[in-house]
Every structure is written in structure tokens, then in C-alpha cells.
Amino acid sequence: MPAAGRTYWLTEPCRIRRQDDSVRIERPDASPVHIPITDILDLIAFDHVDINTSALSLLSRHGVTLHILDHYGNHAGHFTPSQSMASAAVIRQQVEISADADRRLAIGRSLVLAAAENLRWALDTELLDPALTSLHAAAPHCKDSADLMGQEGNFRRTAWAVLDTQLPAWLRMNGRTRRPPTNAGNAFISYLNALVYSRVLTALRSTPLHPAIGFLHADTDRRRNTLALDLAEPFKPLFAERLLKRTAAQKHLRPSDFETDVGRAALSKNGRKKIAALVKDELATTVHHRTLKRKVTYEELIHLEALKLVRLCLENTPYKPFRPWW
């Protein structure tokens, strides 16, 4: 992972302006914050942001991505620099693999199974074992990505029902809902999933891969960066469901951290700050990497996952999705 720069989390309304070779963050109730552009990897805006073309030009020149989350935690869009590290040689191989139905299906199957096993690991309960066994039995017979994701959906619905038994009543999901989330539990999952997607997209921008050429989501979602959606799958349980379970057990979240209305819910201003701090700490958590023989952060694990696909394209090294080993 690139050593220079870090992620800045904009949890309050602000203005972003350029001042020489620095970014100036102006908030209504505080003095401006000046950040050297070389210190910024990317920006994640949880709230309203006012930015001008001068600031955007500076971000673009230094390869800084600005991610925008909407009120309900969905990844609404992003500003990316005009220059990228994409390589024609890698992209040609990426397209060839994606166009090969058998190879694409094999990668998609491995992603679905890894995501399911990671969710079983995150919830740490034997109640999911029968559903996981059923998914393993059904996956080899799936003929395309839609079939695979249908089987994954069945498993996730079972997992979310099990997760609800580990949560207080006010934080239960009662079935997955999106756009907008209908309750606090779903709002939490939506925000965390969007943050994982943004981290994956930033990681892909530092590789020769093209983020729009995916494998699992290639035939099911043509409007987004499908490779980012693919690589987010194994990491979502590590951050979303796992952290929801943990924060509930530690009573870190309160109903006041959410804004709820009839049929919709979102994080409050204080809730966004809590989630940003929680995810920042989690991304900085380190584990000992068995192959690299050194400690790596969770953030670096996402970058290393993208490099696995680079090796697939350049060296034909089989892709094995991320699974926790600790």
C-alpha cells in the first residue's frame, strides 16, 4: 500500500478550498484546518461539502480521490483524478478473464464462498453451519453470476436473522433494506458497506487494474465499478456485521446516534463521528501476515487483495480471496 498519505473523514458540513499546496477545510463552528496535499490519500465526505474547481484541480494533480456518501450512507459517487495507474497490458488480460465465462464464474464462486465463510467467522456461531454447507453444495451447480448471487442472498438472509438474535431490539435489522435503510441496524450496515467500497476503490486506483471490469458483478450491475464491488465482498463481514455485533455488545451505540422516521433511518451527526472513529481504528488494526512475515493493517490487506488480481492478470497466479487467519 502507498506509504504517503492518509484518509481524512469529513463527518460535518464543510468547505474545501485550496491554499497554495495545501487543502483548507473550513467548518462553521471551528477554525480552518490546513492539510498538506502530500498528506492526503483520499477524502470521505459524510455530509454536505462545498468544493471549488481550484481545490479539485489540486486533488486531481496529486491523485487524491474524494468519496461522497449520501444521507443514508450509500456511496453516492466520487471524484477521481484524470490520471490513473491503469496499464493496457493488465487491462487486456482483465478483459480476457472477464469475457471467459468459465474463468469469470470460478472467480465469482470463490468470492461468494469466501464472503460467506468470512461472515460465519465474524458472527462466530454454529447456527450458520447448515446454511454454509448448503451454499457449498449449491455453488458448483450455479451457471452464472446471477445464480451465485441468488445463493449468496439466501445465505446472507439466514446470517442476518442469526445476527438479530445477538443484537438489542432497537438495533435489529429485521431483514435487509436499502435506499433508504428502514431502521438503525440497516443504516449501520449501509454506512459500513459504503466505507468498505470506498476503501477498495481507493486501493484499486493505486494498481494497474480497471475498477469497472469485474467478475462476480460483471453481468448484474453495469452502472458501477464492478471490480470494487467484487473485492468488497470478502471484507464486508470483517467491518459491517462484525462491528455491528461488537458495538452492540459493548453498548457503544445508542438510539440517539440515529435519525429515524417512518420507513427510513440514517446516522445522526454524532453517529457519523462515532462510525468514522470506529472504522479508522479498525483499519489501523494490525495482524501478522504469514507470507510477508510482518505486521500489516486491515487497510493494507485490502490493497494486497487488489494485488492478487494483478498477479492473476500478469502471471496467471490463481486468485484466492481473503479469509481471516487469526
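The values are calculated or read from the model by the stated rules, or taken from the named source; none is laboratory data. Values in this document were obtained by computation on a predicted structure and should not be read as measured data. Don't worry about glycine lacking a Cβ; one is built from the backbone with ideal geometry, like all the others, and counts go over all protein chains shown. These accessible areas exclude ligands, DNA and RNA; they are computed on the full protein's heavy atoms, side chains included. Shrake-Rupley method; radii C 1.70, N 1.55, O 1.52, S 1.80 Å.
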TODO: Would you be able to say whether some residue in the stretch 67-74 is touching a residue at least 12 places away in the same chain (Cβ under 8 Å), open to solvent by less than 70 Å² (accessible area, probe 1.4 Å) and at positive phi?
DONE: yes
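Residue-by-condition table, conditions (1) touching a residue at least 60 places away in the same chain (Cβ under 8 Å); (2) open to solvent by 60 Å² or more (accessible area, probe 1.4 Å); (3) under 26 Å from P324 (Cα atoms); (4) of a type outside the set (S, T, Y):
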position: R24; (1), (2), (3), (4): no, no, no, yes
position: R27; (1), (2), (3), (4): no, yes, no, yes
position: H34; (1), (2), (3), (4): no, yes, no, yes
position: A45; (1), (2), (3), (4): no, no, no, yes
position: T80; (1), (2), (3), (4): yes, no, no, no
position: S98; (1), (2), (3), (4): yes, no, no, no
Task: Which numbered condition H288 misses (of (1) in a strand (DSSP E or B); (2) within 23 Å of M173 (Cβ to Cβ); (3) open to solvent by 20 Å² or more (accessible area, probe 1.4 Å); (4) not charged (D, E, K, R)) - done: (2)
Open item on the list: Given (1) in contact with a Lys or Arg (Cβ under 6 Å, 6 or more places away or on another chain); (2) open to solvent by less than 30 Å² (accessible area, probe 1.4 Å); (3) without any contact (Cβ under 8 Å) to a residue 12 or more places away in the chain, identify the lone condition not met by T11.
Closed with: (3)
TODO: Considering each of A187, A203 in turn, give the residue that is part of a helix (DSSP H, G or I), among the hydrophobic types (A, V, I, L, M, F, W, C), buried (at least 23 other Cβ atoms within 10 Å of the Cβ) and in contact with a Pro (Cβ under 7 Å, 6 or more places away or on another chain).
DONE: A187
Task: Of the criteria (1) closer than 25 Å to E152 by Cβ; (2) open to solvent by 50 Å² or more (accessible area, probe 1.4 Å); (3) at pLDDT 90 or above, which one R294 fails - done: (1)
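Conditions (1) of a type outside the set (D, E, K, R); (2) farther than 21 Å from F46 by Cβ; (3) at pLDDT 90 or above; (4) in a helix (DSSP H, G or I), marked per residue:
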position: L209; (1), (2), (3), (4): yes, yes, yes, no
position: L216; (1), (2), (3), (4): yes, yes, yes, no
position: D221; (1), (2), (3), (4): no, yes, no, no
position: E241; (1), (2), (3), (4): no, no, yes, yes
position: S256; (1), (2), (3), (4): yes, no, yes, yes
position: E259; (1), (2), (3), (4): no, no, yes, no
position: G271; (1), (2), (3), (4): yes, no, yes, yes
TODO: Find the residue count for the stretch 126-180, including only residues that are touching a residue at least 40 places away in the same chain (Cβ under 8 Å), under 24 Å from A248 (Cβ atoms) and either polar (S, T, N, Q) or surrounded by fewer than 16 Cβ atoms within 10 Å (Cβ to Cβ) (or both).
DONE: 5
Task: Residues satisfying the stated conditions in the stretch 251-281, i.e. closer than 19 Å to L69 by Cα and open to solvent by less than 30 Å² (accessible area, probe 1.4 Å) - done: D257, F258, A265, A266, L267, S268, G271, R272, I275, A276, L278, V279
